[in-house]
1. Determine, from the Cβ-Cβ distance of Asp38 and Arg3 and an R0 of 41 Å, the FRET efficiency 1/(1 + (r/R0)^6), rounded to the nearest 0.05.
2. For the range 79-134, report the translational diffusion coefficient in µm²/s to the nearest whole number, using Stokes-Einstein at 25 °C, 0.890 mPa s, and a Kirkwood Rh over Cα pairs.
3. Rounded to the nearest 20 debye, what is the charge dipole size of the range 49-115 about its Cα centre when +1 sits on each Lys and Arg Cβ and -1 on each Asp and Glu Cβ?
4. Whole number please: convex hull volume per residue of the Cα set in the range 26-104, in Å³?
5. Can you put Lys67, Lys120, Lys105 in order, fewest other beta carbons within 10 Å first?
6. With the dipole of the range 1-137 worked out from charges on the C-beta (+1 for Lys and Arg, -1 for Asp and Glu) around the Cα centre, which of Ser80, Tyr69, Asn90 lies farthest toward the positive end?
7. Starting from a Cα-only point model with no solvent, please compute log10 I(q)/I(0) by Debye for the range 50-93 at q = 0.28, 0.34 1/Å.
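Quick note: the coordinates plus some simple rules give every number you see, no bench work behind them. Everything numeric here is computed off the predicted structure, so don't read it as measured data. Neighbour counts are summed over all protein chains in view; Cβ atoms, including those assigned to glycine, are modelled from backbone coordinates with ideal geometry.
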Amino acid sequence: MRRFVEGVDRGQSTLFPDCLEDWIGEDNPVRVIDVFVDELDLADLGFSGVEAEVTGRPSYHPSALLKLYIYGYLNRVQSSRRLEREASRNVEVMWLTGRLVPDHKTIADFRKDNGPAIRKVCAQFVALCREIGLLTKASVAIDGQQVQGCQQP
């Protein structure tokens, strides 16, 4: 009789759920990010690339990259290379982006090209979190910009 907890054989077949929806609970914070970003008018906020170009390689929609960006800041994953890795292995991020895996250069360029628009979205997100009682009065710096009233209870 062994006295250690042992894992299962890696070659053993398992019955994981067929869809990502089954892995994400109803109270998971990624659902808030998803609904929040889907309700934004990205063109009005100043995001580039909202309308697809007729020629060239298809690009990622700014909403997918914005969801990834917000997820990264809520989970302290700021590096573009780390966000790229999370997109390929983290089930929450897979659900949030629809299994898209943008490379680190795409993520960094999105951040660089849409700085003012991202700051507007962060301010709106903090206001929403305050309104629904997720944040208390304090201050936090997001991407070098200070936003007041952001501390988790």
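1. That pair, Asp38 with Arg3, gives E of 0.20.
2. Using the Kirkwood radius from Cα pairs, D works out to 194 µm²/s.
3. Charge dipole of the range 49-115: 320 debye, to the nearest 20.
4. It is 100 Å³ per residue.
5. Listing Lys67, Lys120, Lys105 from fewest to most nearby Cβ atoms yields Lys105, Lys120, Lys67.
6. Among Ser80, Tyr69, Asn90, the one farthest towards the positive end of the dipole of the range 1-137 is Ser80.
7. -0.98, -1.24
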